[in-house]
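Trainee: Below you'll find the structure I mean.
The values are calculated or read from the model by the stated rules, or taken from the named source; none is laboratory data. If you're wondering where the values come from, they're calculated on a predicted model, not measured in any experiment. Every residue, glycine as well, gets a Cβ built from its backbone with ideal geometry; the counts of neighbours run over all protein chains shown.
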Amino acid sequence: MPKVGVLLSGCGFLDGAEIHESVLTLLALDQRGATAVCCAPNANQAAVVDHETRRPTSETRNMLKEAARIARGAIRDVAAVKAAELDALILPGGFGAAKNLCSFADQGANCTVHPDVDRLVSDCLAQRKPVGAICIAPALLARIAGRRGTTVKVTIGNDPGTAGAIVAMGGRHENQPVTDIAVDADHKVVTTPAYMLGPGPAAVFEGIRKLVDQVLAMIPAR
């Protein structure tokens, strides 16, 4: 039974992990008999947003504690998760991927990455563990890979501004619809646009299901 890390960034699409994308990833993994290892940084979110009014609040929320809501309490500090214990890694999207796991939302191609996130993703890439990224998370992946001198092919859909930033970080962008994936077989990277384009959970799940299937197919047989 493969073990797949699911790297979360809080809870809620405006300031953490996108809940639909996260749950649909967990569903697809469970349907394929894989064990999900949910993790998140044990640090405060960059910001907190009221999801009813969509306005910032003065609250402080911890990514790990918020992500535990999605994981039903089965959550680990990403600092303690090693690539060697995983067969693959998947990063759901949401603004948390671009605000909390890195600073792409504010700094674009000049973004920095949370050190524990950088270490886990970099180690998975170096050990040729399949990595999947959803929605805006491929931008984070392009940044990490680009700083290692690796050009990965990814998709965030078809937004030219975001695609341009991915290229500026050393990545290669491929336009894809919400129901499809971009596959970089050389680097074992799989990405899908999800709510960068998706009209709703059915279309988003189609892309995520394909991503999960491809990620699992890239894991070497034991």
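Trainee: Identify, from the list ALA98, ALA126, ALA74, ALA84, the residue that is out of contact with any Asp or Glu (no Cβ under 7 Å at 6 or more places or on another chain) and under 18 Å from ALA163 (Cα atoms). Show your work before the answer.
Mentor: Working: ALA126 fails: under 18 Å from ALA163 (Cα atoms); ALA74 fails: under 18 Å from ALA163 (Cα atoms); ALA84 fails: under 18 Å from ALA163 (Cα atoms).
Checking each option against the conditions leaves just ALA98.
Trainee: Given the conditions (1) on the phi < 0 side of the Ramachandran plot; (2) over 14 Å from the mean Cα position of the chain (by Cα), report the number of the one that GLY73 does not fulfil.
Mentor: (1)
Trainee: Condition first: surrounded by fewer than 22 Cβ atoms within 10 Å (Cβ to Cβ) and either outside any loop (DSSP other than H, G, I, E, B) or among the basic types (Lys, Arg) (or both). Now tell me which residues in the stretch 1-11 satisfy that.
Mentor: Going through the stretch 1-11, the residues surrounded by fewer than 22 Cβ atoms within 10 Å (Cβ to Cβ) turn out to be 1-3.
The answer is LYS3, and nothing else.
Trainee: When you go through LEU27, LEU14 one by one, which is the residue that is assigned to a loop (DSSP other than H, G, I, E, B), under 16 Å from the mean Cα position of the chain (by Cα) and surrounded by fewer than 19 Cβ atoms within 10 Å (Cβ to Cβ)?
Mentor: On the way: LEU27 fails: assigned to a loop (DSSP other than H, G, I, E, B).
Checking each option against the conditions leaves just LEU14.
Trainee: While we're here: So, restricting to strands (runs of 3 or more DSSP E) that lie completely within the stretch 114-192, which ones have at least 3 residues that are of a type in the set (A, V, I, L, M) and surrounded by 22 or more Cβ atoms within 10 Å (Cβ to Cβ)?
Mentor: Details: elements: 131-134, 182-184, 189-192.
Result: 131-134.
Trainee: State which residue pairs qualify: first residue free of Cβ contacts under 8 Å to residues at least 24 places away in the same chain and inside the stretch 190-216, second residue surrounded by 20 or more Cβ atoms within 10 Å (Cβ to Cβ) and in a helix (DSSP H, G or I) in any location, beta carbons under 8 Å apart, and separation of 6 or more residues or different chains.
Mentor: GLY198/VAL204; GLY198/GLY207
Trainee: From the list ALA68, ALA84, ALA36, which one is free of Cβ contacts under 8 Å to residues at least 60 places away in the same chain, assigned to a helix (DSSP H, G or I), out of contact with any His (no Cβ under 6 Å at 6 or more places or on another chain) and buried (at least 17 other Cβ atoms within 10 Å of the Cβ)? If you could, list the steps in order and put the result at the bottom.
Mentor: Values: ALA84 fails: buried (at least 17 other Cβ atoms within 10 Å of the Cβ); ALA36 fails: assigned to a helix (DSSP H, G or I).
Every option except ALA68 fails the conditions.
Trainee: Here's another thing I want to ask about it. Going by what's in this entry, would VAL48 be described as closer than 29 Å to THR155 by Cβ, surrounded by 13 or more Cβ atoms within 10 Å (Cβ to Cβ) and modelled with pLDDT of 95 or more? Please lay out each step first, then the result.
Mentor: Values: closer than 29 Å to THR155 by Cβ: no; surrounded by 13 or more Cβ atoms within 10 Å (Cβ to Cβ): yes; modelled with pLDDT of 95 or more: yes.
When the stated conditions are applied, VAL48 does not pass them.
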